[in-house]
1. Do you know which of the residues in region 40-84 that are open to solvent by less than 60 Å² (accessible area, probe 1.4 Å) and of a type in the set (S, T, N, Q) is modelled with the lowest pLDDT?
2. Inside region 114-139, can you point out the residues that are in a helix (DSSP H, G or I) and open to solvent by 10 Å² or more (accessible area, probe 1.4 Å)?
3. Going through region 145-180 one residue at a time, which ones are over 16 Å from the mean Cα position of the chain (by Cα) and within 17 Å of residue 95 (Cα to Cα)?
4. Any residue that is β-branched (Val, Ile, Thr), open to solvent by less than 80 Å² (accessible area, probe 1.4 Å), part of a loop (DSSP other than H, G, I, E, B) and over 30 Å from residue 157 (Cα atoms) - is there at least one of those in region 17-39?
5. Can you tell me which of (1) within 19 Å of the chain's Cα centre (by Cα); (2) closer than 30 Å to residue 274 by Cβ; (3) among the charged types (D, E, K, R) is the one residue 226 doesn't meet?
6. Would region 39-62 turn up any residue that is farther than 30 Å from residue 233 by Cβ and more than 9 Å from the ligand (Cβ to nearest atom)?
7. From the set of residues in region 92-113 that are in contact with a helix residue (DSSP H, G or I) (Cβ under 7 Å, 6 or more places away or on another chain) and assigned to a loop (DSSP other than H, G, I, E, B), which is nearest to the ligand (Cβ to nearest atom)?
8. So, of the residues in region 147-190 that are among the aliphatic types (A, V, I, L, M) and open to solvent by 20 Å² or more (accessible area, probe 1.4 Å), which turns out to be nearest to residue 96 (Cα to Cα)?
Amino acid sequence: MGVSALPFKSLKDYFLSKYGRRVQKITVALPFTCPNRDGTKARGGCTFCAEGSKPSMLDSSVPLELQIRQGIERARRKYGRDILFMVYFQSYTNTYADVGTLKELYDVALSFDGVIGIDVGTRPDCVPDEVLDLLEGIGRRGYEVWVEYGLQSANFETLKRINRAHGVSDFVSAVLRAKERENLNVCAHIILGLPGEDDEDVIETARLLRVLKVDGVKIHPLHIIKGTVMALQYERGEISTITLEEYAKLCAKVIKILPRDVVIHRITGEVDRDRLIAPEYCDPSMKNKVIQEVIKAIEKE
Ligand code: SF4
């Protein structure tokens, strides 16, 4: 299996070049919450967030070992036995516990044969130095370690509007402190089409990521999920989503701004049909179409 001819470095290609075979993410859910929900920073969470972005098929009450074992078995059934794994702590804030607890959980993930590392999703205001030390230490043991920070936008007015309850400076600090460390890769999440934003806001966000030399970026179109604050705002006509054509053009602009060696973890966002309100291109059946439209837009840029 060779690397693809995509006009950007995809996560799949990055892994293939580095490990010589497929590395499959095994997504798990911890029974954590987030400081933007429990009142530590704010209540109610980000206005777009449903259940801390937990995929509906995951159950955080299932022991971590079992979640990983089942994930590995599923991946082997689908892709065969000649694959490796990275355990992805995705939902809520996966550094929101004391360091001893985090170490135990991350070590469970690393104890499985074929696991090359971990990917930890969190908030930029939730990574004290001791957590970064822990992650750096895992990297020093030879594991692949990614920390994923949700930024969403580099516009502070937008962050307030969507109730992120952290500032741009928290993100800058979190990236700089992580980049001082060896063997620790930083991925930033951004959302295109946020309320009140125009193309210039998104371009500025991409420029900040370039200046900070992040290692990876995950790009999503804004999508409205049932049960969120945004669902109410959408029903009231206060916010809207962008079209697939608009998203593809904007996503292409972002990718063009980023250095070619930045790993693009994602350029789509899918939500199960029964939970998705809009836009229709975030239905899982549209994933390939979205990717193709972004590729076409990059080639036209
Ligand atoms: S910080 Fe993450 S988990 Fe918490 S409310 Fe926002 S998106 Fe959801």
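The values are calculated or read from the model by the stated rules, or taken from the named source; none is laboratory data. No experiment lies behind these values; they were computed from the predicted model shown. Don't worry about glycine lacking a Cβ; one is built from the backbone with ideal geometry, like all the others, and counts go over all protein chains shown. Accessible surface areas use protein heavy atoms only, side chains included; no ligands, DNA or RNA. Shrake-Rupley method; radii C 1.70, N 1.55, O 1.52, S 1.80 Å.
1. Result: 60.
2. 129, 130, 133, 134, 136, 137
3. 165, 166, 170, 173, 177, 178, listed by residue number.
4. Within region 17-39 (the criterion being β-branched (Val, Ile, Thr), open to solvent by less than 80 Å² (accessible area, probe 1.4 Å), part of a loop (DSSP other than H, G, I, E, B) and over 30 Å from residue 157 (Cα atoms)), the answer is no, since none of the residues qualifies.
5. The single condition residue 226 does not satisfy is (1).
6. Yes: one or more hits.
7. Out of the qualifying residues, it is 92.
8. Once the filter is applied, the top-ranked residue is 165.
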